[in-house]
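Scroll down for the structure; my scribbles are underneath it.
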Amino acid sequence: MKKILCTLCLGLVSLAASVSAATIELMPEISSITGQGYNSAGRLANNNITAADVKAWLGPAGRADGWYTTTGNGDMGWGSASVNTANQAISLPNMPGTAGVCAGLKMTIENIQAYSGLTFSFSLTPPGTGPTYTYSVWYETTDGDLVELCRGSRGNNASQWNVSYDVTDEQLAAMKENGNGKVYTVIGSSGGTNGNSGTIRDISLEGTLAVPEPATASLSLLGLVALMLRRRRV
């Protein structure tokens, strides 16, 4: 009897601790893109981008979550990105003589405490003669400051650019402790041959969510153990 009870108890502990990981797409669909001007002396589209640039362009409190693009010639000759909602793709045109063109996203991660991992990724297909491309991802603190999670840049290269970045455990812990759930992404291009465009596809921010297994089996086993213990005492 003791051996059976021990085995049942060990099984109960195993079931109670059993969890499965679910991957959740956190980034919203690309349903539209809104023009938003900003004068950053060109930093927004290159590897010199700063937290202040992102905050001023995407971060004002009144600015709704969503996809944004630099505007046309209204501010420092910025170019304008466009979207293909059917293909969930963003086009970044090459516009020599301008400060470049950027697509940006302001979004909120609800209940970030529940996630054990975050992965940012996208695929960019440049034209035959491409500009310089850059990307950066940031999160906002409870004090309203922006903290960089990752950035990257690639020069004139006609091959596809596949990016995948796993937020580190330290970064995620800081986001949970000090973040307000807001996340910002900026992808930009500058230079290149006029008329050609780079295409961003499969842009994603995935969260790993720990999902406990259904408790019914554990509860049933707990009841069985309790019943056997009761019978043991009789």
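Quick grid of which residues meet (1) part of a strand (DSSP E or B); (2) open to solvent by 40 Å² or more (accessible area, probe 1.4 Å):
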{"residue": "Trp78", "(1), (2)": "no, no"}
{"residue": "Phe120", "(1), (2)": "yes, no"}
{"residue": "Glu140", "(1), (2)": "yes, no"}
{"residue": "Asn162", "(1), (2)": "yes, yes"}
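Selection of first residues in segment 142-156 that are among the basic types (Lys, Arg) and of second residues that are assigned to a strand (DSSP E or B) and open to solvent by less than 90 Å² (accessible area, probe 1.4 Å), restricted to Cβ pairs under 8 Å at least 6 apart or on distinct chains, gives the following pairs, ordered by first then second residue: Arg151/Thr134; Arg151/Tyr135; Arg151/Ser136; Arg151/Val137; Arg154/Thr132; Arg154/Tyr133; Arg154/Thr134; Arg154/Trp161.
The values are calculated or read from the model by the stated rules, or taken from the named source; none is laboratory data. Just so it is clear, the model here is predicted, and its values are computed rather than measured. Note that each Cβ is placed from the backbone with ideal geometry, even for glycine, and that neighbours are counted across all protein chains shown. Protein only, heavy atoms only, side chains kept; ligands, DNA and RNA dropped before computing areas. Shrake-Rupley method; radii C 1.70, N 1.55, O 1.52, S 1.80 Å.
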